[in-house]
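Report on the structure given below.
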Amino acid sequence: MTNDTHQPDLLGGGIFTVPETAELVEASQTSVRIWVGGKKGRQQPVIDNQLGLVNGKVAVSFTNLMELRFVARFAKAGVRLNEIRSIMQEAKDTLAHPHPFAAGIVFRTDGRRVVAEIARKRGIELVYEDLKTKNYEMPIIVMPSLKEDVVFDPQGNMVAWYPRKEIAPNVIVHPRFSFGRPVLQDSHIPTETLADAVRAEGSVRAVADQFEISERHVREAIRFQADLRQAA
């Protein structure tokens, strides 16, 4: 796979480094590097990287981040990397979409059917509805859970993501805010900024007053950042 010829807007398309991506998708940096750039002589990339190098470092766009989110979920379910690569490539060809795993098309009836058929040909069971009726010996991918924490635009493209909705429901990743860094959805203040400020000030209340937000949101940012550090 080669770099995507349709280059995103660097200011509005998000810029994510390998370490940032690894934390967000809950994978190792080594795995993310292979998924993005392959392994010379051994592995081909899994995605078509839209950005390549930015300031001398490997970077990915928000669209790529959403694709890597799928890759990470497939990998955690025990699907082999070559199979993940084949599923993504065949889905792209069949659905005629350059990045189907970053779009609502994979959640529509035809998209779900295509992906399920591709997976079944490779002996992989994708679970959409009742887990109790499925074969637990097969790798399980829960597609609905991947739809619940994303926001789609009218064209069906993923445009925002709540990466830890259970523990931080107000933290969002949106490519047009802070280059895609996780921010609080209302104030757009980066969670890292708030967590760093609390470490420096030693007080949640002082930081909440300084940024004119609630203490609850400051604590949520701290909780989110702590979870990121444990993820990769």
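No lab work stands behind these numbers, since they all come straight from the coordinates. Since the model is a prediction, treat every value here as computed from it, not as a measurement. For neighbour counting, all protein chains shown are included, and Cβ atoms are generated from backbone atoms with ideal geometry for every residue, glycine included.
Data for the structure
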item	result
Nearest-0.05 FRET efficiency for N82 and E166, computed from C-beta distance (R0 22 Å)	0.10
Interchain or long-range residues, amide H under 5 Å from V159's placed H	V151, F152, D153
Table column - 3J(HN,Hα) (Hz), the stretch 170-181, Karplus curve with 6.51, -1.76, 1.60, x for Gly and Pro	9, 9, 10, 10, 10, x, 8, 10, 6, 6, x, 5
Stretch in the chain that is longest and holds no chymotrypsin sites (Phe, Trp or Tyr not before Pro) that DSSP places in a loop and that have at most 16 other beta carbons within 10 Å	1-127
R229-S145 FRET efficiency (beta carbon distance; Förster radius 22 Å; 0.05 resolution)	0.45
Reciprocal of mean inverse Cα separation for the stretch 162-232 (Kirkwood radius, Å)	11.9
Inter-label distance, nm, simple model (7 Å from Cα along the C-beta direction), R219/Q29	3.2
Candidates N49, N170, N64, ranked by Gaussian network fluctuation over the chain, Cα under 10 Å, top entry	N170
Gain in span if fully extended, R42 to T109, counting 0.36 nm per residue against the direct Cα distance	20.6 nm
Placed amide H near G52: partners under 5 Å, 5+ positions off or other chain	A59
Per principal axis, descending, Cα span of the chain in whole Å	57, 45, 34
